[in-house]
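Have a look at the structure below, then the notes.
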Amino acid sequence: MITAAVPERENYLNHAYGIKSWLLTKDHKRIGLLYLFTVTLFFFLGGAFATLIRIELLTPQGNFVSSETYNKLFTMHGVAMIFFFLIPAIPATLGNFFLPMMIGARDLAFPRINLLSWYLLVIGGLFSLFAMLAGGVDTGWTFYTPYSTTYSNSWVIATALGIFISGFSSILTGLNFIVTVHRMRAPGMTWMRMPLFVWSHYATALIQVLGTPVIAVTIILLFCERVFHIGIFDPTLGGDPVLFQHMFWFYSHPAVYIMVLPAMGIVSELVSVFSRKPVFGYQFVAYASMAIAVLGFLVWGHHLFVATESVYSALVFSFLSYFVAIPSAIKVFNWTATLYKGSISFATPMLYAFGFIGLFTIGGLTGLFVAALGFDVHVTDTYFVVAHFHYIMVGGTIMAYLGGLHYWWPKITGRMYPEGWAKLSALIIFLGFNLTFFPQFILGYLGMPRRYHVYPDEFQVLHVLSTAGASVLAVGYLMPMIYFIWSLRYGKVAGANPWGATGLEWRTASPPPVHNFDVTPIVTHEAYDYSTVVGQEVEVG
Amino acid sequence: MGKFPLIPEQASTFAPDVDHLTYFLLAVAVFFTVLIFCSIFYLAIRYRRRSDTELPHVPHGGMALEIVWSVIPFGITMVMFTWGAGVFFKESRPPDNAMPLYVVAKQWMWKIEHMEGQREINELHIPLGRAVRLTMASEDVIHSFYVPAFRVKQDVVPGKYSTIWFQPTKPGKYHLFCAEFCGTRHSGMIGWIYVMEPQDYQRWLSGGSFEGTLSESGEKLFTNLACSNCHKADGTGRCPSLEGLFGKTVQLANGAKVVADAAYIRESILHPAAKIVAGYQPVMPTFQGLVTEDGVLQLIEYIKSLGPKPIVGGGGALGK
């Protein structure tokens, strides 16, 4: 159990005890921890599926699990990781905990709805878990029709309902964030003084509220066809299978930005704090988040280049896809420029931020590859695409998430994590990640299709490299799990502001009191004005 | 080619086109990756924190910089777009003289039908240097016809025809993969493409069992299904005559006009009520479930053969 760092002072962790004080809490900080616990569970579940996949792929023959099992493994890996880990991971844990604190609020606008959101995720998660335990689902996380509606003999409906329910968790969290940012900012906290973490969560929330209902509708239609045989997607019932892909990606492409925008928000915070400088081009970075949120809705058709989409709509979607690249590039350049003449600390969170920038750059640039029509025809549905999106989602989102967890750990728990071990694990994760996924770019270009249980011999060497990398990566992920728990009891006691950060969350005790601030903060400076927290100005360099 | 090639064999006219595009994309990616990695390394070490109390001077924003690093990448991406679109455009326009072939995909096999009547499963023999156009149908779920050595891929979607074309440039044996997840034995839905010297191909064509050309099989089916009872050649039947139909514009009962292409004929066989020819009653029953996708393709070939002039090429007729 979490022990408070300073037992005598009342904080959000020790003001009440017992299971009920957690399960019925309306405190955004405790709800954030409930989410942390939940998504960590799904992360390790999804990781276990990935491990089994990588073991199977060590040899070209299917000799570890059957084809049925293999297909279920990659499906459940995708479902667990995307819907129950990556989408809620940053907004629902760190966002929930810190978004209100960063704008000087006592809580989110709707604390009860916030608790309801967590219950919806848990109920949705239980549905999907039930499906996994009862026998699993084998459609791929993309549920393409008519396979999912007519042909699959697995737990499609239970899994899809789980995703449907957890979608409302996402919608309500987004709604809560939007209202909170509009209505709950402390005096003096103008829009242009908000930390970039808040900006990126605001942009994310817009996608959650506008995009998620579409996947809900899609799942209802899937349900109607599978259960009641109402022809929507299956051509033998008069439907159109490609319609499903349009609807699915209308949500699921923006969903990538639900995963990566909050990560960008964390990286903006980290780069600033550990350079002790405002983020270069603050306004450009803030507006870039909004641009990504809007443009993300206009590019779904780039998943359908070989799916009998017309030549002209393919051209339009390819063209529009390049527009998303620009705000992403703006962010990367501004983060890099922030380092110039800064005071750079190599604390663990900063190492993760560097890792994020590097891996996101590779993920983003290979995104330009797959947006090019003639190139995409060759690599779509191959390991090239698998590598590309893992660079964004694992190399990007998970690196940033871990960076954020390390950065805010002292605030959340009142204890420091062990720096040496943390640096080592960051390095292991970076190396393990690249060894796992870089070979997959080559595999894909060579023509190795994704979702193959059995594969031709010539691909084995690269698969073995990838599996070797995955085992390194697994070690890297287990380490923080262990030392974070260790630090709850043995970590150094952290002060209110161990990093010399400017965010309002650091202006209150660690762990924070129940109502976050003893006195409502009044904001008089821009975000990231380090003259308010440290030393004398010097010309560095 | 070394033991561990980094690119697949180049065996079609598209392969060098796609690879050149790849080299360009790769050059841009390597440049920016190196730029970002080196900048971070250099700046992070050059400006490492030397004292816990130091506070760097804050430089003022650089509007010029922001414009530079937005506009230059945008320009580069537009080159990527145009180049990629150019390759794609070529891939979606089969030449008029392309050799037509039919493919029927089903869980978990590829069935290929040659005009001359040869049928293959999970194998496709084609002559070197000749453009080939495949018209593809699926009997069940979505599949995807993928030949890495040709750099081409096209989904095969149930309920409609899709087309793909390529022109092999190198004799040999190449992988055919199903690239769209299609169920339990998805990874077993693979085959080989054999690119043969033209004379070898001719020899191959003349060998093997011969069950009649595709349109002859279609004619047999036309009779067996009793289509000719209503679709009488002289136009006196309850249904329109099919003589010379293929490629013609048909006047429909609802006032619309439609070109009688493969998609239209397929629809008229499986969903006869969807489009009624002007002057006729909707009396035709559906043949869905009675005739397979292969059968439909044979019937289309037969109806084509009734026409005075089969429409050629463009691929437009079959739709992409």
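Miscellaneous remarks
- Failed condition for B:L43, given (1) surrounded by 11 or more Cβ atoms within 10 Å (Cβ to Cβ); (2) among the aliphatic types (A, V, I, L, M); (3) more than 8 Å from chain A (Cβ to nearest Cβ); (4) more than 34 Å from the chain's Cα centre (by Cα): (3)
The rows are residues; the columns are (1) more than 22 Å from B:S39 (Cα to Cα); (2) under 18 Å from the mean Cα position of the chain (by Cα).
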{"residue": "A:F333", "(1), (2)": "no, no"}
{"residue": "A:D376", "(1), (2)": "yes, no"}
{"residue": "A:T382", "(1), (2)": "yes, no"}
{"residue": "A:H388", "(1), (2)": "yes, yes"}
{"residue": "A:A400", "(1), (2)": "no, yes"}
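- Taking the conditions (1) under 44 Å from the mean Cα position of the chain (by Cα); (2) at the interface with chain A (Cβ under 9 Å from one of its Cβ atoms) in turn, B:S51 satisfies each one other than (1).
- Of residues in the stretch A:231-247 being closer than 17 Å to A:S152 by Cα and of a type in the set (V, I, T), the one farthest from the chain's Cα centre (by Cα): A:T236
- Check on B:F145, within 19 Å of B:S12 (Cβ to Cβ), modelled with pLDDT of 95 or more, in contact with a helix residue (DSSP H, G or I) (Cβ under 9 Å, 6 or more places away or on another chain) and within 12 Å of chain A (Cβ to nearest Cβ): no
- Qualifying residues in the stretch B:15-40 (those that are more than 8 Å from chain A (Cβ to nearest Cβ) and either touching a strand residue (DSSP E or B) at 6+ places or on another chain (Cβ under 6 Å) or under 16 Å from A:N334 (Cα atoms) (or both)) - the one surrounded by the most Cβ atoms within 10 Å (Cβ to Cβ): B:L35
- Residue list for the stretch A:377-410, restricted to those being within 14 Å of another protein chain (Cβ to nearest Cβ), part of a helix (DSSP H, G or I) and touching a strand residue (DSSP E or B) at 6+ places or on another chain (Cβ under 9 Å): A:V377, A:H378, A:V379, A:Y383
- Checked against (1) over 20 Å from the mean Cα position of the chain (by Cα); (2) closer than 30 Å to A:L237 by Cβ, A:T75 passes all but a single condition, namely (1).
- Residue in the stretch B:241-259 that is farthest from the chain's Cα centre (by Cα), counting only those that are within 16 Å of B:Y302 (Cβ to Cβ) and either hydrophobic (A, V, I, L, M, F, W, C) or not assigned by TED's automatic domain parsing to the domain that holds B:Q281 (or both): B:L242
- Between B:E120, B:E116, the distinction of being surrounded by fewer than 20 Cβ atoms within 10 Å (Cβ to Cβ), part of a loop (DSSP other than H, G, I, E, B) and away from chain A (no Cβ under 11 Å) belongs to B:E116 only.
Quick grid of which residues meet (1) part of a loop (DSSP other than H, G, I, E, B); (2) outside the structural domain of B:Y302 (by TED's automatic domain parsing); (3) surrounded by 18 or more Cβ atoms within 10 Å (Cβ to Cβ):
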| position | (1), (2), (3) |
| --- | --- |
| B:G183 | yes, yes, yes |
| B:S187 | no, yes, yes |
| B:Q202 | no, yes, no |
| B:G218 | no, no, yes |
| B:C239 | yes, no, yes |
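- Qualifying residue in the stretch A:301-311 (condition: hydrophobic (A, V, I, L, M, F, W, C), without any contact (Cβ under 8 Å) to a residue 24 or more places away in the chain and within 11 Å of another protein chain (Cβ to nearest Cβ)): yes
- Flag if B:K160 is surrounded by fewer than 15 Cβ atoms within 10 Å (Cβ to Cβ) and either facing another protein chain (nearest Cβ under 7 Å) or touching a Phe, Trp or Tyr at 6+ places or on another chain (Cβ under 9 Å) (or both): no
Condition check ((1) more than 12 Å from chain B (Cβ to nearest Cβ); (2) over 18 Å from the mean Cα position of the chain (by Cα)) across all residues:
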residue	(1), (2)
A:T38	yes, no
A:G47	yes, no
A:T59	yes, yes
A:Y70	no, yes
A:F83	yes, no
A:L86	yes, no
A:A89	yes, no
A:T93	yes, no
A:F97	yes, no
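- Of all residues in the stretch B:64-72, none are modelled with pLDDT under 95, over 26 Å from the mean Cα position of the chain (by Cα), surrounded by fewer than 14 Cβ atoms within 10 Å (Cβ to Cβ) and at the interface with chain A (Cβ under 7 Å from one of its Cβ atoms).
- Failed item in (1) at pLDDT 95 or above; (2) part of a helix (DSSP H, G or I), with A:Y417 passing the rest: (2)
- Number of positions in the stretch B:73-90 that are within 8 Å of chain A (Cβ to nearest Cβ) and of a type in the set (A, V, I, L, M): 4
- Applying the criterion of being surrounded by 24 or more Cβ atoms within 10 Å (Cβ to Cβ) and more than 8 Å from chain B (Cβ to nearest Cβ) to the residues of the stretch A:336-349, the residue that is farthest from the chain's Cα centre (by Cα) is A:T338.
- Residues in the stretch A:315-326 that are surrounded by 23 or more Cβ atoms within 10 Å (Cβ to Cβ) and more than 7 Å from chain B (Cβ to nearest Cβ) were compared, and the one that is nearest to B:F37 (Cα to Cα) is A:V324.
The values are calculated or read from the model by the stated rules, or taken from the named source; none is laboratory data. Remember, predicted model here, so these are calculated numbers, not experimental data. All Cβ positions, glycine included, derive from the backbone under ideal geometry; neighbour counts span all protein chains shown.
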